[in-house]
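Worksheet for the structure shown next.
A short reminder: the numbers here are calculations on the coordinates, not readings from a lab. All values reported here derive from a predicted model rather than from experimental measurement. Ideal geometry is used to build each Cβ from the backbone, glycine not excepted, and the neighbour counts take in all protein chains shown.
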Amino acid sequence: MNPIRFYLVTDTHYLNNVLEPGGEAFEKNMITEQFFVKESGDIIHAVFDKIIGDKETDIVILPGDLVKNGEKESHNGFLKELYRLKDNDKKVYVITAGHDYNDNAYVLKGDGRAPVAGTDYNDLCDMYRDFGYGEAIAFDEPTHSYVAQITEGVRMLAIHCDSKGQPKGTIDERLMNWAKQQLDKAKEDNCSVFATCHYPVIPPVPAFELVGDAKIKDWRKIASFLADNGVEFVLTGHMHIQSINEFYSEKGNRLIDVCTSALVGSPAKYRKITVDDNSVLKVETLDVPDFGWDLKGFAPQEYFDNHFATAVVARIKGALDGGEGIVKHLKSFGRNRFDNITVGGFKRLLHIKKDKEFDKKKFSDFVGEVAVSIFSGDIPYIEGTPGYNLIAGILDRFSFVLKKVEPKLSKNGESIDLRNMLLDTIGNNKGFLDNNAEFILK
Ligand SMILES: [Fe+2]
Ligand SMILES: [Fe+2]
């Protein structure tokens, strides 16, 4: 592949503050929300300032979920930011995704939802014509997929897998045929092609294999199709997670999926990606810089991660609320335990003896930390570490539950080893990192 260098920023989920979000409903939602909604504009502005400051990198790619939930005003504000990049000599390429169109947009205000102007799916390509669609050398009308000549000898196949009227996260036969034509044409024209697609093509962590919305439908078929037609890497988002994965097709061709987190909430990363003269693909991860808000003495990263850990715990507590009769009683017992028990106390309850490292920590805090680690990539709980031993110990105590659940989760009769799948999810054993990695391309 010819040398290329670009920034990758995804899932910016921008909400324009002219819509005046706030009030009780908004604050309640923020307790479990991963994103920093009111701060989103300033986070994006600060990151784009950094990108503008890098005079050697003139391409920026954004694979979808540009705004919070299809609000017209959010697109207007976001477009201003993109024009700021353009005015500073950046070439910007977007695809839109499920959060970018909405016929029933609203903003949380007062004690409920206040309707606001939404965005028609059919208007999006025109709205973003200066950011990829206008210079497309091929365009697939039904899905808004396109091909752009990014630089000499390099094309980007931008696959829209989250278009209106289609099942979410789908690349159907028709779209695959269109993509095949584009990949054949690129070969004829002596161009290399990389792809972008909002949904991960490879499950970002092993456990996401079981989560329907966490990766593209029929992902092995799609990954093989891309790899066998000369696509060596794909840039994805949607799951708000930092991960890099490799997949080998039956023919032995490799696809690398670089999945990047949402920008406006933990882990809040963006990437700089380079293919150098020796065809080395280098992926670097960057943090959100100071964005001008009072973060109570915390660095942005800590502030984002602390909030996400708390939000995960709040979601679990929320799931333990409600019910009727005995269910309500059991749930509130569980909630109370989850709220108060330490890791040491939980271990005693389950007769787990190994390692004392986390014993004094609140169990709920440990759960929050694990969740943040999974989404941040380079997950540290590998075999032999105290965290691994603790989680393995818990899974072993609940093996009778796992064995019951496994057949229900199995698709096409494939056997599932839930214990190992979960342990592979909490420790990166891939041989390369999720945040900073290098691969030699063909
Ligand atoms: Fe998203
Ligand atoms: Fe998404």
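Could you tell me whether the stretch 186-244 comes out rounded, prolate or oblate from its Cα gyration tensor? Rule is a ≥ b ≥ c as square roots of the eigenvalues, rounded for a/c under 1.5, then prolate if a/b exceeds b/c, otherwise oblate.
Details: a/c = 2.96, a/b = 2.02, b/c = 1.46.
The shape class here is prolate.
When a/c reaches 1.5 or more, the comparison of a/b and b/c decides; with that in mind, is the stretch 203-326 rounded, prolate or oblate per its Cα gyration tensor? Verdict is oblate for the stretch 203-326. When only the Cβ of Lys, Arg, Asp and Glu is charged (+1, +1, -1, -1), the dipole of the chain relative to its Cα centre reaches about 1760 debye. Within the same chain, aspartates and glutamates fewer than 8 places from LYS55 are excluded, and of the rest, those with a Cα less than 15 Å from its Cα are ASP87, ASP89.
Taking the Cα atoms of the chain, the ratio Rg/Rh between the radius of gyration and the Kirkwood radius comes to 0.97. Rounded to the nearest 500, the helix-only mean residue ellipticity at 222 nm of the chain stands at -11000 deg cm²/dmol, with each DSSP H run of n ≥ 4 adding -39,500 (n - 2.57). Short-range pairs are left out: with C-alpha atoms under 8 Å and at least six residues apart, the relative contact order of the stretch 309-442 is 23 percent. Considering only GLY212, SER243, TYR303, the residue lying farthest towards the positive end of the dipole of the stretch 178-304 is GLY212, judged by Cα position with unit charges set on Cβ. Applying a DSSP loop filter and a limit of 15 other Cβ atoms within 10 Å to the GluC sites (Glu not before Pro) in the stretch 38-101 leaves GLU56. Cα centroids of the stretch 390-442 and the stretch 302-357: 22 Å apart. Once a ≥ b ≥ c are taken as the square roots of the eigenvalues of the Cα gyration tensor of the stretch 71-202, is the result rounded (a/c under 1.5), prolate (a/b larger than b/c) or oblate (a/b not larger than b/c)? It comes out oblate by the Cα gyration axes.
Computed from Cα positions, the angle between helix 399-409 and the longest principal axis of the chain comes to roughly 30 degrees. Net charge of the neighbourhood of PHE400, taken over other residues with C-beta under 12 Å away and scored Lys/Arg +1, Asp/Glu -1, is +2. Qualifying GluC sites (Glu not before Pro) in the stretch 122-202, where qualification requires a DSSP coil assignment and no more than 15 other C-beta atoms within 10 Å, comprise GLU152. Cβ-to-Cβ counts within 10 Å put ILE61, ILE273, ILE394 in ascending order as ILE394, ILE273, ILE61, the fewest first. Taking a point 7 Å out from the Cα of THR57 in the direction of its Cβ, the residues of the stretch 232-259 whose backbone N falls within less than 17 Å of it are 234-237, 242-244, 258-259. Taking all Cα pairs closer than 8 Å and separated by 6 or more residues, the relative contact order of the stretch 316-370 comes to 30 percent. As a length-normalised measure over Cα pairs under 8 Å and 6 or more apart, the relative contact order of the stretch 1-77 settles at 57 percent. For the residue pairs LYS317/LYS362; LYS86/LYS217; LYS68/LYS168; LYS50/LYS91, the C-alpha atoms sit more than 23 angstrom apart in LYS86/LYS217. At 7 Å along the Cα-to-beta-carbon direction for both LYS356 and ASP103, put a label point, then send me their distance in nm to one decimal. With each label placed 7 Å out from Cα toward Cβ, I get 6.3 nm.
With respect to the chain, whose longest principal axis is taken over its alpha-carbon atoms, helix 72-87 is tilted by about 60°.
Note on the stretch 9-90: dipole from Cβ charges, positive end direction compared against PHE26, ASN88, ILE43; the farthest Cα belongs to ASN88.
For PHE247, what is the net charge nearby, where nearby means another residue's Cβ is under 14 Å from its Cβ and Lys, Arg count +1, Asp, Glu -1?
Local net charge: -1.
Applying a DSSP loop filter and a limit of 13 other Cβ atoms within 10 Å to the GluC sites (Glu not before Pro) in the stretch 371-442 leaves GLU383, GLU414. Counting only alpha carbon atoms, the long axis of helix 300-319 and the longest principal axis of the chain meet at about 60°. By DSSP, the beta bridges lying fully in the chain are antiparallel in about 65 percent of cases.
Note on the stretch 329-391: Rg/Rh from C-alpha atoms, Kirkwood Rh, equals 1.00.
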